[in-house]
Each structure stands twice: as C-alpha cells, then as structure tokens.
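Note sheet for the following structure.
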Number of protein chains: 6
Amino acid sequence: MKPVVIRNIERADPHGLDVFGVSTVHEAMGRFGLLKPYMRPIWPGAQIAGPAVTVLAQPGDNWMIHVAVEQCQKGDVLVVGCTADNTDGMFGELLATSLAARGVKGLIIDAGCRDVKALHEMKFPVWSRAVSAKGTVKATLGSVNVPVVCAGVNVHPGDIVVADDDGVVIVPKKLVADVAQKARKRNDDEDGKRKRLASGELGLDMYNMREALAKAGLVYLDRAED
Amino acid sequence: MKPVVIRNIERADPHGLDVFGVSTVHEAMGRFGLLKPYMRPIWPGAQIAGPAVTVLAQPGDNWMIHVAVEQCQKGDVLVVGCTADNTDGMFGELLATSLAARGVKGLIIDAGCRDVKALHEMKFPVWSRAVSAKGTVKATLGSVNVPVVCAGVNVHPGDIVVADDDGVVIVPKKLVADVAQKARKRNDDEDGKRKRLASGELGLDMYNMREALAKAGLVYLDRAED
Amino acid sequence: MKPVVIRNIERADPHGLDVFGVSTVHEAMGRFGLLKPYMRPIWPGAQIAGPAVTVLAQPGDNWMIHVAVEQCQKGDVLVVGCTADNTDGMFGELLATSLAARGVKGLIIDAGCRDVKALHEMKFPVWSRAVSAKGTVKATLGSVNVPVVCAGVNVHPGDIVVADDDGVVIVPKKLVADVAQKARKRNDDEDGKRKRLASGELGLDMYNMREALAKAGLVYLDRAED
Amino acid sequence: MKPVVIRNIERADPHGLDVFGVSTVHEAMGRFGLLKPYMRPIWPGAQIAGPAVTVLAQPGDNWMIHVAVEQCQKGDVLVVGCTADNTDGMFGELLATSLAARGVKGLIIDAGCRDVKALHEMKFPVWSRAVSAKGTVKATLGSVNVPVVCAGVNVHPGDIVVADDDGVVIVPKKLVADVAQKARKRNDDEDGKRKRLASGELGLDMYNMREALAKAGLVYLDRAED
Amino acid sequence: MKPVVIRNIERADPHGLDVFGVSTVHEAMGRFGLLKPYMRPIWPGAQIAGPAVTVLAQPGDNWMIHVAVEQCQKGDVLVVGCTADNTDGMFGELLATSLAARGVKGLIIDAGCRDVKALHEMKFPVWSRAVSAKGTVKATLGSVNVPVVCAGVNVHPGDIVVADDDGVVIVPKKLVADVAQKARKRNDDEDGKRKRLASGELGLDMYNMREALAKAGLVYLDRAED
Amino acid sequence: MKPVVIRNIERADPHGLDVFGVSTVHEAMGRFGLLKPYMRPIWPGAQIAGPAVTVLAQPGDNWMIHVAVEQCQKGDVLVVGCTADNTDGMFGELLATSLAARGVKGLIIDAGCRDVKALHEMKFPVWSRAVSAKGTVKATLGSVNVPVVCAGVNVHPGDIVVADDDGVVIVPKKLVADVAQKARKRNDDEDGKRKRLASGELGLDMYNMREALAKAGLVYLDRAED
C-alpha cells in the first residue's frame, strides 16, 4: 500500500454513453456498477460520461486531489474514494477552476463538496455524498490512478463514468463497447414502448405479464376492501 | 397473506384538499397521518390530493406496480409500500407515462425512483424515499388495494392522499369531509393572523400566551448574557 | 436550568461577513464553528450574516420560538437548538411573517421546518435539519438567549451567524473583527489564485507542493495500471 | 382520530409460537409481518409470544403507557407505536414492575427505553429502537387498543407478537393457527436438513439447485482469479 | 480559537452521583444535559461519576488525547469532543493503560474506540459513538480543558460526568450539590413507588391520573376492536 | 458481468494473523483495508484469520451463498458483498451448519444475519451489517470468487480476512507475509510500551511529543477555565 501516482493510464472511449443516461446504462450493464444512492448531484441537469482518473484520499485531506489534477486530460472525470466515511468539503471553486481549465467534465467524490453556488455558476458538475464547508488539510499521502472503492463500487482508472440526475454508474473498460450497443438498443425499444403506453396500452399486456402472474398465484377479487 | 388484487375499491372524494396543503390538513386531522419526513418530492412545486390505490411490493421488485396501473382511474394517487426498507429505483419514465395516460395525479413510494429529469419534464409528481437508478426485477407477488404501511402510516385503498413540498398526509375515508371543513376554517383563520403578524403584532399577544408562560414559570432577566 | 428569557443581549457587529460566505469565514476562523452538514437551506441562494438570538426548545414544542420573536431586532438571525433530536415542523409561514415584520434575516433550526413553498415565495431563508409538516405543541418551557448547542456547535446570544448554500458557521463575538479581516485577506488571495489556475497553472506549482510530496514518499510510475 | 381506550379486545391464542422463534414464524407467514431490524432486544436470550395490547403514543410522552397497563392481562405483550420518530426513554423500571405484576410477558416499543440494567436483572424483556435516559412528559393523549404502526408493521390489538434475538414478528389473529402448523412443519423439516448438512451433504444437492443454476446461466471456470 | 491547554481547572465534587445512575440524575436536572443516545458503553455494567477533563480533538487525530492524559487526576473522567463527525478508533488499550495508571475512571468519546476486548478485560469503561479499528494520526492541534460540545451537550472542564448503561449526563459544576439532593429524594420516592406497583397498584391511581385523562378527553369504549 | 464461479483460487497463507487482532494488523498495513465500522460481530470474543472465498450476491437473495459453500475449504472465511444496501437475513443456522461441516472459520456479510442465538451456541462467528429475520429468495445469479466490494473494501478471493471484536480487515495476498512481520514487531513494541505506561510514564514523554507540540503552537495556561 505504498502511495503512488500512475501516470500513463489507458483510457476507455466513452462511446457516447452520456446520451443514454445512468438508468439505461445501468440496465445495459446487467444492473451492476451503480454507486450507492447517497451520491447526489450538487446542481440538477448535468449529464456526463468520460474515463476515470482515480484518487484514493484520506478523510479530511485533499492533498491527493491537487496531485491528481496534473494527471487529468480533456474529457476525463475525476473520481475520489476515501479510506473512511467522511463529509468534509474536500473540493471547491479553486480546484474546479483548475480542472475546468484542463477540460475535465466533472467530479465524483465520496466525501463533501463546498462552494456549491460558485460551482453551479461555473456549470462544473459534482456528485458528492454531502455539501460541507468543512476545510481539509494537506498532510497525508494517498494514491492516484490506483483502483479505488467509491460509494460501494470498485473503479479502475480509465473505466467510463456515467453520471446524471439519477446517480453515477461505472462501466469497466472492456465492457464499454458492448454496453453502449445494448444501451442504444434499449433506448430504441423504450421509444416504441413509451408511445404504446402513452396511448393507453397496459404494461400488463405489452409485456405479456398476465399469464405469469396467474401462474405465480395472483388472485383478483371483486369486492371492495374495508 | 395471499397475494391478491382488489378491483372495485370505494374511493373517497378529495373534497378539494389539495387547495390547503399538507401542513394545514395534518393540523385539521389532529396531527395524525403524516408520512415520515424522509419522503421528499423529486421536483418542487406539485400539490395534489386524490384517493389512494395501494400496492404492497417486495423490495427490488416492481411487478405489482405494473399490476396496479390497471386498477387506477383518473384522479387517483398510487401509494407503494414495501415489505422491507429499500431504495431501488422501482419507478421511472415508462410507468409514469402509463399512469399519466390514465389520469393518475402522482405517486407516493416508500422506495426509490429514477428518470427524475424526464419525470420533471412530464410534470409527473413523485414523493419517494430516494432517487436511485438501481433496476428491479419482476419476480415475486405482492398485493394491490390491500391496507399497506407506507413510510410509517397505514393506508387503506380509497383514503385521500394529500402531498406537497412539505410531505405527504393520509386522510382516512370517513374523516375527509370533516377534515376538509376544519382545514377551510383553519385556512381562513390563518389569513387573519397573517395580516396581524405582518403588521407587527406579536404572537405572544395574539395567542394570549403571556399569562400561561408566567404561570409555567418563565422568568425575564434584564442583564446581558455572557 | 431554570427557564429564562434574557432581554438585553450584547450583539456583535456582523462586519459584512455575509459578503464572504461560509467556507471562507470557516477557514478564516481556523476551521472551527461549523454546524454539522445535515443543516441545509430549504431554498438555494440566500447568504446572510447577523447576531444570534438563541432559543433552547423542547422537541416537538415551539412555544419558546413564539417567546423569542419579541427579543428579535432588525438584522438578527434566530438560532434554535433542541434538547433532543427532532424533525418536527416547529416553524412555518406565520412565524416567518412575524420575524420578517421585525427585520429578522433568517432562521437556523436544529429541527424541522414547514410551509417551504410559502417561505421560498416570501424569500425568508431557513437552514434546518429536515422539512416536515408535523405540527408541534406549546406545552413546555425552554429558554431564550442562553447558550445553546445547535447542530453540534455551542452558540452564545449575540455571536455572528453566517449562512449560505454551503451551510452555517458561528463566529464568537470577540473574534468577529479579526475573522472579518482574515476573510477579506483570504478572499483577495483567492482572486489571484483563481486567475492563475484558470490560466492552466497547477496547484502543485502554485502552492509549491512537489517537494513536500516527494519528501512524504510519493512515487510516480510510468506504466499503465490494469 | 379521537383518543380512545378499547377495553374488551379479543385476544388470539399464541399457539405456542414462542417455541419456534421469529425467523421460523416469519417464514411460516410467507415473509410478512416483520418489524424493521432496528428493533433490538435490550438484553439477549428472551423468547416470547403473546397477544398484543397496543398503544399509540406521542413522541416524548408516556402517558398512554400508564393508561395501557390497566388493560393488560397475564400473557399479554405491550406494543407501543409513536406518531413520529423518537428515541426518548419512554419506559423504565417502574413501568416494568407494574407490567410484571400483571404477568405481562414483555414490551415492544418503537422509541427508547431506560433502566436497562434493572430490566435485565428483573428479566423483563424489551425490544426497542434505542436506549436513552431521556425522560418524557405526560401531556398529550393517544389511544390504547387501536391498530398502530410499530416499526413499519400494522399491529391490531390481540394479534400475536413473537419476539426473540432475531427481532419481532406480528401474526394477525386469524392466521395464528395456520402459521403455528406451518412453523411446526418447517421446524421438523429443518431438523432433518440440519443433520444432512452437518454430515457434509451440500445444500446444492439437498435442494436440487444445480439444474436451475445452470439454466439461469451460471458458469464454472477452472482457472485461478487474480 | 488558539490551541491551548488549561492546567489548573476547578473540579466539582461528584457528590456520590454514581450511586443514582444516569436516568435519575437526568430527571433531577430537569431533563437537561443528556448526551445523544448514540453514545453507548463498549461493555455493560459500569457506572461512574467524576469531574470532566475535556478534549477538543480533530477527526482522525488523537494527539490531544495524549496531551490530556497529563492533565488527569485520580477520579477524573476524560471527555472528548470532535470538530467533525468521526468514527475512527482514536482510543485503545495503551491510552487506557496510561489513564488507568493515573486513576481515571473512564472515557466519554464522540468518535470511535478500539481494543474493546482488552478494555473489557482491564475493566476500563468507555462510552463511544462507534467501535472501529481505524487508526489515527497525531498531526493537528486541538485544546484541553476548554468547553467542548460532546454528542450534543456543552461540557465545561470540571463539570460532573455521570455514565452507566443508560447513557451519559453532564451536571454543571454549580448544580451538582442541588442535583445530588434531588436525585437522592427521587431515589427514595421510587423505592416506595416500586413496592406499591409490585403489589399490583396501578400508576393510574398512584399518580392520580384518571381525572386529568378524563379532562383531556380520553374515552373508554367497551366493544372489541376489529 | 457474466455470472461465474471460479473454482481453483489461490489462497494466501494466514501467517498466524489471528493472533494479533484487527487493530494491530490494520496499523501494520499502513491503515488500509478496514471494513466500515457498521460491520459488527453477532457475538463477542471470536478472533479469526483465513483466506477469503468471495460472493457477489443480490440484495434479498442468498442463492449464491449456497453455491459458494461447495467452493469452501477448511480454514476459509466466507465474504459476501451485495449489489445494493440490504439488511435481510441472508444467512442462518442451516448455512452455518454446512460451512462448519467444511471447517470454514466464519462469515463476513454486508447484509443481515439471523438465528443469532443458534449461531452463538454453535460458536460460528459472523460479522454482519444487521441482524434480521427477513427471509430471502433464491432467484437471481451473482458470482463466486470474483473481486467484491464488502463494506467499502475491495476483496479478492484468497486475500486474508482478519476479524475480531474491533471489526474486519482485509490483507491482500501479496502483502500477507510483510504485514505479519510488521504486526509481530508492533505487538512486541506495544508490550514494552504498555509496561512503561502502566508504571505512570506519560505518552508525551515516551513518544517525545513535547517539542513537536510546542513547535505546532500549543500553549499551556495556568489559570482555571470558567
């Protein structure tokens, strides 16, 4: 567990996954890779996808985020995991200015964030566990671009991060192309379904659920409950 | 505990309770029937009232919500309780499309919700315990239109659900007319009080609290605290 | 622990601390005095500073808030602590009308708040632990203008409260002038830093971190992680 | 929602359900009726079953528990629900002394409990949400022997409460005989299974899972993971 | 907020408050001063009272606990508050050995504790927010013997700390004698009440509650609920 | 994310790490690898170390635990991660009987456990997130012996799991020998320190902290605080 910065990581291509959004990508993945739902956007409406630059940070210490900035390229998403549960405001306007200058698309941090008003005005998107003005020190090393657990999911550097108002999902490098294809197919299918449901067709019929429900033992009764 | 769907429930008339809002209705009820405050709107500003169609669902399984759609009528509010604490995204855009096509006013779900951006654009209101992209299966039966516990309150099918930015309150069928009358009276009273308070009159005087406070032993001291 | 109302408290001058915001003030304080991050604004965008009028309330009982209104002056911020964890809606539109009539800038309450839509429309800012329509009684005394613990921080009457979208910080009376000076200096410094970071300069260089990182043992490796 | 005490409730016979324990009874019920897992015994080892005398109490107020004592008979279990989340110590040694004098088997309370050392010495079992010394008032009415929601489950007076170290389950009056029969059968089956598993037979074989697993798509690979 | 160690604090005499236990002392105080109920003993059965030596510590940093040891005398109780929520194991066997050598009665820490098995064997009592093996650094100063907020209560050095299986209560220096007297009286009263309740007398009668209940509107009904 | 069972994993040798306990091993690791502190033993006193057999399970579904039993050998520790937060009782007496028959040392499960009384009597140790009687289905596949995130830590099959009353720590395969050596050294050092501290020597002197404290700016004052 030596502190280390890995410089030349292999980045997956996002394959346009930001178009589909988190719920569709998560389904296309087979329902894996979703960060815990306590991870919320600090302002609504952003939708991004890009390769992860990862940070393993100590609670209450944002030193390694400063180190990670230099490893970021245009299109990246910074992902910060912590060695213990923490809500301190490890990230704010100055770091966002620095990341934005490098073309970074956003931040995923399993800790707190501050300067939310300024970040909203800058349109720099952040998904975090908390908002907190609590300042942090720069005292203990962690690592950059090693695998990190962020909000319950293991993230490897270069994996594709997809985030929107529904949350954050991680697509491992070698699955991206396949997931993108499945997401596109799922999306197309949903367009058709949406029209049918909007016209009043029931999901019970559209998905042919009636037989399975009856077989499972569902009973319909015609009297009022009281 | 056989899985069952009750078809012809008796629906209370909402008596225009959406006009008054949750806080006023909850007071008019005698301070009963309020769902726990973790139930929050996924977008602000909606205010609804309508009879409950109830769902008892299994955690991580939205099969019974599909079943319940068919039981919904124009003006209804769908109420989903769960057999165990769960934050999975059991409801999203397609189900909302189907409910909206039937004239359903909104959803109350003691679990997660997804596609929040699309639901906001559709103006379909949802009060939920969480936002989560986590998909669900369709594997285990529950029931529709049986009494369910939702966020700590027992809801009978046909009871009136009132929801706004302050939360969700349930008015039992036989109390609706009485509660509506009391809510109206309370509302009228508050208009007068608001004007008096806005003009600078103190609540201490308006509510005649000074004597009771003195009797309870409250002491006023004239020195600065330090 | 006799219930008491202290009338003539000494109020600190806010020294324009609302200009700087909570994160800057908290740093200028040496990272003390921040309320726990569960305290959130009920609507975004407000930024206030003013001397605290303090309330020690019983859970589920807002009697002492009514008492406290009379002790408030133009520019004050009302701060409510509770003798036990509680989320009941102890504050709503009528009390806000009364406080606004006296020129009070806002409310900090370690409990619940209701009528959030009306409070937003009135532009009366509230930072609270929860939103809840749960009504409260007026049955048990507490105190006004005694020191209270609010969300983990001890607040003395007259201390300066600073609150914005990042949270709430308390500046003790005798530190205000010094904190204001440090906050101003910090703010000026950040303007310069922001420009340098926006132009692409790295925090690693701007803060001279490279030597300290190397000394602490950070190692850079040039191979891809997998 | 008038405050009321119902005197002559119909009590179900417990049918010896305390013998089987909560997990077995919950399974025999079809996996319904289990209180949320935050309900924990204040001391380990007790195992009880008896008809519920129910209390709907206000948070921080134990007046109705005093009222309920008179309604309890030998063999009953007292079940207390609360109109809002609360951890105050609403029950202690004196109330336990009174209940024990009447032959009550134990207490289930969705709030706090105190005097745990004394209760342990008395061998009076309590399942609660919290331990807290916080005292309570006797100020606001609730009801006795009305249906109450306790830790997420609706309890009717006279329903059978089963509680042990695994938690608490509620068996509705009319299901008790059937559940007892199923619990007995399940228990007998488990005796046989336990012996087979102890001898080394695999559940995979005993439950004939291999075919279903293969059909669902499970793949076995023979290389080491790294 | 300069880091400081105050050496010669004034210690209150505990007045034998350990005899009465936390619930009785909390009542005698008028129901103030109780730490939040998440503070739990790491092993059951200890009951202590003594003057507080206070520590304001940084999360994840136990440097100031080491500093505080030197300020402790025989009979003291060490009380540790933290500038942010934290569960790291800031205290373990070695520090306990050092405190025990000085005759310190126990530790109250609003953070984590480790080596619980060893601490139990040593019979050194600890009340903490969590058990965690997470190690801490010695990097940032805090203070010793300044007022600290610990689990929601403001503690001044020298105040009397009373702790047992029900939790922890703080008695301010100048109230100790009065509280001790009231606790003794309360204790004596409870002995009498316990006997009457054990003999079957109802609290309803012993406390003369029937009239007040009737006046508040409580109604008794004689039919079975169903 | 195909469901898979890896059969022939490489197991690290535990190097006697159970002797040292979790806190010492966690320190010897450089303070990494500790599971979140919500993971608690269901009965106190067990202390184990062994190679991990890992399970990725679906919430509320213990099918893959049944599959995993066959992959376990004498001395293994079963580690179960879940694709979403869940407290259902996914493990009980029958599965424990089966694991015990194979010589498995214990279970680490980021979900619920039931039959705690029976498990205690069998002396089968379990560290879990919750105790819950809630039964689970056998419906959806997961995987066995793939890397899983359990309570915030990534666990590879064959890594050494160390668990005791302080929690659970994971030692990656290639670090075990080194960690064991450091743990032994640390243990020996602590024996000496314990004796010195027990004799009254201060940590301030034993660790030579006084100079660093003075340099960091700690000030000692000789007047009483009030």
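The values are calculated or read from the model by the stated rules, or taken from the named source; none is laboratory data. Everything numeric here is computed off the predicted structure, so don't read it as measured data. In this analysis, Cβ positions are derived from the backbone assuming ideal geometry, glycine residues included, and neighbour counts consider all displayed protein chains. For the accessible areas, the whole protein counts, side chains as well, though only heavy atoms, and no ligand, DNA or RNA atoms are used. Shrake-Rupley method; radii C 1.70, N 1.55, O 1.52, S 1.80 Å.
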Going 7 Å from Cα along the Cα-Cβ axis for the label, what nanometre distances separate C:LEU204 from the same residue across the other copies? 4.1, 4.9, 6.2, 6.2, 7.7
Under 23 Å between alpha carbons, and skipping anything fewer than 8 positions from F:LYS215 in its own chain: which lysines qualify? A:LYS138, C:LYS182, C:LYS215, E:LYS2, E:LYS138
Pull up all non-local amide H partners of E:VAL131: gap of 5 or more, or a different chain, and H-to-H distance under 5 Å with H placed in the peptide plane. E:CYS113
homo-copy label distances at A:ASN8 (7 angstrom along Cα-Cβ), nm, one dp, ascending, are 3.5, 6.9, 7.7, 7.7, 9.0
1.4 Å probe accessible area per residue over the protein assembly as shown, in Å²: 36
How many angstrom separate the Cα center of segment B:108-126 from the Cα center of segment A:150-226? 15
Heavy-atom accessible area of the protein assembly as shown with neighbours in place, 1.4 angstrom probe: carbon+sulfur share in percent works out to 50
Spatially proximal aspartates and glutamates relative to D:LYS174 (Cα-Cα < 15 Å; intrachain offsets below 8 disregarded): D:GLU10, D:ASP13, D:ASP159, E:GLU225, E:ASP226
Evaluate E = 1/(1 + (r/R0)^6) for C:ASP188 and E:ASN187, where r is the Cβ-Cβ distance and R0 equals 56 Å; express this FRET efficiency to the nearest 0.05. 0.35
Calculate the all-directions average of the projected area of chain F's alpha-carbon convex hull, and give it in nm². 16.9
For the protein assembly as shown, what is the percent of antiparallel DSSP beta bridges, rounded to the nearest 5? 45
Do any residues of segment C:174-222 show a loss of at least 40 square angstrom of accessible area between the isolated chain and the full protein assembly, using a 1.4 Å probe, and if so which? C:ARG194, C:LEU197, C:LEU202, C:LEU204, C:MET209, C:LEU213, C:LEU218, C:TYR220, C:LEU221, C:ASP222
Any residues in segment C:119-144 that have 40 Å² or more less accessible area with all protein chains than in their chain alone, probe 1.4 Å, and which are they? C:VAL131, C:ALA133, C:LYS134, C:LEU141
Other protein chain Cβ atoms within 10 Å, averaged over every residue that makes up F:26-36: 5
Order by protection proxy (mean Cβ within 10 Å, highest first), peptides D:184-192, F:162-170: F:162-170, D:184-192
Placed amide H near F:CYS150: partners under 5 Å, 5+ positions off or other chain: F:VAL155
How far apart, in nm, are two points set 7 Å out from the Cα along the Cα-to-Cβ line at A:ARG7 and at F:LYS123? 5.6
Can you show me the helix-derived [θ] at 222 nm for chain D, built from DSSP H runs with n ≥ 4 at -39,500 (n - 2.57) apiece and divided by the number of residues, rounded to the nearest 500. -8000 deg cm²/dmol
Using distinct alpha-carbon pairs, which all enter the 1/r mean, Kirkwood radius of the protein assembly as shown in Å: 32.4
Quote the relative contact order of chain E in percent (integer), defining contacts as alpha-carbon pairs under 8 Å separated by 6+ residues. 29
Can you check what the net charge comes to around E:ARG196, using other residues whose Cβ is under 15 Å from the Cβ of E:ARG196 (Lys, Arg +1; Asp, Glu -1)? -4
What nm distances, shortest first, do you get from the label point of F:GLY103 to those in the other copies when the point sits 7 angstrom along Cα to Cβ? 5.5, 5.5, 5.8, 7.1, 8.3
Where in segment F:146-170 does accessible area fall by at least 10 Å² between the isolated chain and the complete protein assembly, at a 1.4 Å probe radius? F:PRO147, F:VAL149, F:GLY152, F:ASN154, F:HIS156, F:PRO157, F:ASP165, F:ASP166
Phi angles of segment C:120-135, converted by Karplus (6.51 cos²θ - 1.76 cosθ + 1.60, θ = phi - 60°) into ³J(HN,Hα) in whole Hz with x for Gly and Pro, give 5, 4, 6, 6, 9, x, 9, 10, 9, 7, 6, 9, 7, 7, 4, x
Could you list, bin by bin from short to long, the percent of Cα-Cα pairs of segment E:129-226 in 10 Å steps? 10, 21, 24, 21, 14, 8, 2
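How big a patch of accessible area, both sides summed and in Å² to the nearest 100, lies buried between E and A at a 1.4 Å probe?
Using a 1.4 Å probe on protein heavy atoms, the buried area is about 400 Å².
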Net dipole in debye of chain F [+1 Lys, Arg Cβ; -1 Asp, Glu Cβ; about Cα centre; nearest 20]: 500
When the Karplus curve 6.51 cos²θ - 1.76 cosθ + 1.60 is applied with θ = phi - 60°, which whole-Hz ³J(HN,Hα) does each residue of segment C:89-94 get, with x for Gly and Pro? x, 7, 9, x, 4, 5
Roughly what % of DSSP beta bridges within segment E:93-226 run antiparallel, to the nearest 5? 60
What fraction of the DSSP beta bridges in segment B:17-175 is antiparallel, stated in percent and rounded to the nearest 5? 50
